[in-house]
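Just below is one structure, and these are the notes that go with it.
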Amino acid sequence: MHILIYSYNYHPEPIGIAPLMTELAEGLVKRGHKVRVVTAMPNYPERRIYPGYRGKFYMTEVVNGVIIQRNYVLIRPKPSLLDRVLLDGSFVVTSFLHALKGQRPDVILATVPPLPVCLPAALVGWLRGCPVVLNVQDIQHEAAVHLDLLKNKTVIRAFEALEKFANRTATKISVIADGFVENLLGKGVPPEKIELIPNWVDVNFIRPLPKENNPFRAANQLHGKFVVLYSGNIALTQDLRNVIKAAALLRHIPKIVFAIVGEKQALERVEYYCQLEGADNVKLLPFQPREQLPEMLAAADVGLVTQKSNVIAFNLPSKIPVLLASGRPIIASVPDTGTAAKAVQQSGGGLVVTPEDPEALASAIEGLYNNPDKAEMLGHQGRQYAVEHYSFEQALNQYEKLFASFRTQLASKPRPLPS
């Protein structure tokens with residue numbers, strides 16, 4: 001099949017949806033499919049276009065058999081609401097022109113966020129007469145409203161209208177967790193239109209490795225330490241302030257060290273928190289190259305997942321399958337009614353504690369520090385669950401089956417946009 005993946009984020013961006021879409025595209029190529037990816041010039045998480053891609057409007061390259069069509073976007077390091085509108089708008093325009101090039105796809109997979117990507121994907125699907133699968137990873141505007149970060153009623157109505165358009169024009173909607181299914185059903189999306197395909201992890205790449213002779217530990221003076229690891233996006237919803245407060249509460253145990261891995265600008269804010277709380281047991285480290293990710297995860301004794309108490313319930317952090325696959329126990333400081341808590345509890349690979357409660361987080365960490373057998377048991381159970389429920393091959397099979405189901409439905413002429 002000829003598959004077009006419409007994804008704002010892609011390789012070489014290190015976190016978020018980019019690694020997932022890269023693995024999916026390359027996995028489909030290995031199974032004999034032709035894959036073309038329409039994406040932006042790489043810029044995440046620094047929000048600066050990477051060296052080698054600057055000053056270019058369009059760029060096409062082939063990486064591991066995948067044709068990658070990159071497009072210019074208007075990006076600002078600290079975007080305002082207007083900057084975000086210009087960013088999404090620029091990608092809609094530049095990517096649409098690029099997406100029309102190349103062989104007609106048999107199916108389009110469009111990844112949300114950003115939500116406006118549904119516009120060019122739907123139009124290309126209509127013009128080329130092919131089905132569109134909307135892959136919903138997050139519903140950002142709804143989360144922003146829930147967190148009281150988005151208050152402009154006109155903007156909210158615009159996003160709601162855009163979401164209705166996206167749900168209506170998509171042939172199928174793939175979601176990553178049960179919470180998304182419930183959310184879409186509540187918005188009137190027919191159940192037969194929804195496909196549940198959890199995000200995955202390459203369990204052969206991310207695997208349990210020994211802590212002894214670990215390069216990440218050696219490079220960061222972590223030998224003999226009990227390492228509590230947080231790695232990934234650092235934003236308002238992650239509540240790293242809570243982690244720093246917990247670290248400060250554990251200063252009396254010299255062997256416990258917190259390692260926080262993230263983007264440089266975000267780490268500057270975390271460093272301020274450390275100074276404010278007197279948390280001198282925290283190491284702030286830059287993102288590691290992807291090939292070193294298994295070693296970094298193996299260096300940890302505990303992996304952290306954090307959310308604020310008012311984070312929307314259906315959000316599922318992509319780091320959960322990764323941490324489970326690494327064979328290290330998770331401590332999740334997340335709302336107990338949300339999808340993240342449910343995923344950790346079902347896996348048997350970790351503990352859930354009350355969010356925004358540094359005493360609870362510190363107590364859970366100290367508990368595993370004092371009970372290594374329990375930590376090992378949780379890590380083993382989490383690894384087993386990841387192999388059984390989050391393996392890449394399972395997800396690839398599901399996407400391949402979904403795409404193949406459209407073969408008999410492919411039209412010979414453009415189909416009208418729904419009214």
Next item on the list: Would you please name the residue that is nearest to residue 298 (Cα to Cα), looking only at residues in the stretch 189-203 that are in contact (Cβ under 8 Å) with a residue 12 or more places away in the chain and open to solvent by 30 Å² or more (accessible area, probe 1.4 Å)?
Entry: 202
Margin query: Return the residues of the stretch 362-400 that are open to solvent by less than 20 Å² (accessible area, probe 1.4 Å), of a type outside the set (Phe, Trp, Tyr) and over 11 Å from residue 327 (Cβ atoms); say none if nothing qualifies.
Written below: 362, 364, 365, 368, 391, 395, 396
Next item on the list: Kindly provide the set of residues from the stretch 320-338 that are in a helix (DSSP H, G or I) and open to solvent by less than 20 Å² (accessible area, probe 1.4 Å), ordered by number.
Entry: 320, 321, 323, 324, 325
Item checked: Checking residue 346 against (1) surrounded by 22 or more Cβ atoms within 10 Å (Cβ to Cβ); (2) in contact (Cβ under 8 Å) with a residue 24 or more places away in the chain; (3) closer than 23 Å to residue 178 by Cα, the condition it does not meet -> (1)
Next item on the list: Can you tell me which residue among 173, 260 is within 30 Å of residue 132 (Cβ to Cβ), in a strand (DSSP E or B) and in contact with a helix residue (DSSP H, G or I) (Cβ under 8 Å, 6 or more places away or on another chain)?
Entry: 173
Notebook entry, point to check: What about residue 140, is it over 25 Å from residue 34 (Cβ atoms), of a type in the set (S, T, N, Q) and either in contact with a Ser or Thr (Cβ under 6 Å, 6 or more places away or on another chain) or open to solvent by 20 Å² or more (accessible area, probe 1.4 Å) (or both)?
Noted result: yes
Item checked: the stretch 228-243 - residue that is of a type outside the set (D, E, K, R) and without any contact (Cβ under 8 Å) to a residue 60 or more places away in the chain and, of those, nearest to residue 14 (Cα to Cα) -> 234
Note to self: Is it the case, given these coordinates, that residue 183 is polar (S, T, N, Q), closer than 25 Å to residue 323 by Cβ, assigned to a helix (DSSP H, G or I) and open to solvent by 20 Å² or more (accessible area, probe 1.4 Å)?
What the structure shows: yes
Check: Only one of (1) loosely packed, with under 15 Cβ neighbours inside 10 Å; (2) charged (D, E, K, R); (3) under 20 Å from the mean Cα position of the chain (by Cα) fails for residue 151. Which number is that?
Finding: (3)
Note to self: Looking at the stretch 301-316, can you tell me whether even one residue there is free of Cβ contacts under 8 Å to residues at least 12 places away in the same chain, open to solvent by less than 50 Å² (accessible area, probe 1.4 Å) and among the aliphatic types (A, V, I, L, M)?
What the structure shows: no
Checklist line | The listed residue being assigned to a helix (DSSP H, G or I) and not basic (Lys, Arg), out of 212, 160 | finding: 160
Item checked: Residue in the stretch 66-80 that is in contact with a Leu (Cβ under 9 Å, 6 or more places away or on another chain) and in a helix (DSSP H, G or I) present -> no
Next item on the list: Considering each of 60, 94 in turn, give the residue that is of a type in the set (Ser, Thr, Tyr), open to solvent by 20 Å² or more (accessible area, probe 1.4 Å), over 27 Å from residue 311 (Cα atoms) and not in a loop (DSSP other than H, G, I, E, B).
Entry: 60
Next item on the list: Can you tell me which residue within the stretch 253-265, out of those that are under 20 Å from the mean Cα position of the chain (by Cα) and open to solvent by 10 Å² or more (accessible area, probe 1.4 Å), is farthest from residue 297 (Cα to Cα)?
Entry: 265
Note to self: Between 249, 222, 285, which is more than 27 Å from residue 339 (Cβ to Cβ), in contact (Cβ under 8 Å) with a residue 24 or more places away in the chain and open to solvent by 30 Å² or more (accessible area, probe 1.4 Å)?
What the structure shows: 249
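The values are calculated or read from the model by the stated rules, or taken from the named source; none is laboratory data. No experiment lies behind these values; they were computed from the predicted model shown. We place every Cβ from the backbone using ideal geometry, glycine too, and count neighbours over all the protein chains shown. For accessibility, only protein heavy atoms count, side chains too; no ligands or nucleic acids. Shrake-Rupley method; radii C 1.70, N 1.55, O 1.52, S 1.80 Å.
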